[in-house]
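Structure first, commentary second.
The values are calculated or read from the model by the stated rules, or taken from the named source; none is laboratory data. Given the structure is predicted, the values throughout are model-derived calculations rather than measurements. Cβ: placed from backbone, ideal geometry, glycine included. Neighbour counts: every protein chain shown.
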Amino acid sequence: MKKIIISTDSPADLPAALVKKYSVAICPLHVILNGEDKLDGVNITPDDLLDNYKQNKTLPSTSAIPVGEYTDKFAKLTADGSSVVHISLSSGVSSSHRNAVIAAEDFENVYVVDSMLLTTAMSVLVIKAAHMAESGMEAPEIVKELEVLRDKVDISFVLDNLEFLAKGGRCSAVAALGANILGIRPSLEMRDSKLGVCKKYRGKIDKVQLQYMNERIESMGETDREIAFLTYSSMEDEQLSVLKNAVKATGKFDEVYVARAGCTITAHCGPNCVGIIALRK
């Protein structure tokens, strides 16, 4: 039986322990900071990005993975006859998916799945794909299953403010100013592979985060007990512990993974952003 390798784009924010456990290949997006082209998670970290913003009030830009880089990656992964199932960043937010599809056309054994998701929602699919591969499923079968599962992934998060989204051109400066003056903490979710506001909270961010977490988990209904991700951009350890305990206290999940968002996600969401990601049944 030929080996199947699962690969994904760096904005999946898959924790290093899980990358190692499932031997996942990571394709890093490009991060342009102060004129320097860096690779997400390779030679630039979220803390580098946040520190730079504190000092210079400038944010990096991010760019899709070029076709050539995907081609090189797929060539290395398939050199021993292995097949590859690549789970890409949503086509609704990046051209990385399209580039991966173009690169895959040069290979008979590379399959690209549009996750229609971002951050650890992609990681849910990565883990499920790894389990399928371990069970002996063929690559085309895994792809079909993932295309069903992606619609069941519940992904949302709550922002401290809209400052980073405004700086990155994702919302107007006027909207950001108004939200900040009113103390609004927007919650966003993925709809049809794109982000949209689902609720607006008010109050201190730590209390808002806890309220959001409990409400969102309740709204999910019955969930797959195997996987839940608590994903954050930056946060005090004490608050992170409070939120993780709150997720565990619901009794809905056997395992709650805590994941730090990488540069691609942090550049748009800013600090104190947190999300809960799980798989609905």
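Tell me yes or no: at least one residue of segment 233-246 is modelled with pLDDT of 90 or more, touching a Phe, Trp or Tyr at 6+ places or on another chain (Cβ under 7 Å) and under 20 Å from L18 (Cβ atoms). Yes, segment 233-246 has at least one match. Among the residues of segment 106-118, is any buried (at least 17 other Cβ atoms within 10 Å of the Cβ) and among the charged types (D, E, K, R)? Checked against the condition, which is being buried (at least 17 other Cβ atoms within 10 Å of the Cβ) and among the charged types (D, E, K, R), segment 106-118 yields at least one hit.
Highlighted here are the strands (runs of 3 or more DSSP E) found entirely within segment 37-156 that include at least 3 residues which are within 19 Å of the chain's Cα centre (by Cα), not assigned by TED's automatic domain parsing to the domain that holds Y257 and not hydroxyl-bearing (S, T, Y): 83-88, 110-114. Candidates L230, L243: the one that is in a strand (DSSP E or B) and either not assigned by TED's automatic domain parsing to the domain that holds S187 or not polar (S, T, N, Q) (or both) is L230.
Scanning segment 183-197 for residues that are part of a strand (DSSP E or B) and either over 18 Å from the mean Cα position of the chain (by Cα) or under 19 Å from M235 (Cα atoms) (or both) returns I184, R185, P186, S187, L188. Can you say whether D9 is acidic (D, E), touching a residue at least 24 places away in the same chain (Cβ under 8 Å) and either at negative phi or crowded, with 16+ Cβ neighbours inside 10 Å (or both), as far as the supplied structure shows? Taking the combined requirement at face value, the residue satisfies it. For segment 260-279, the candidate set comprises residues that are surrounded by 24 or more Cβ atoms within 10 Å (Cβ to Cβ) and polar (S, T, N, Q); within that set, the residue that is modelled with the lowest pLDDT is T264.
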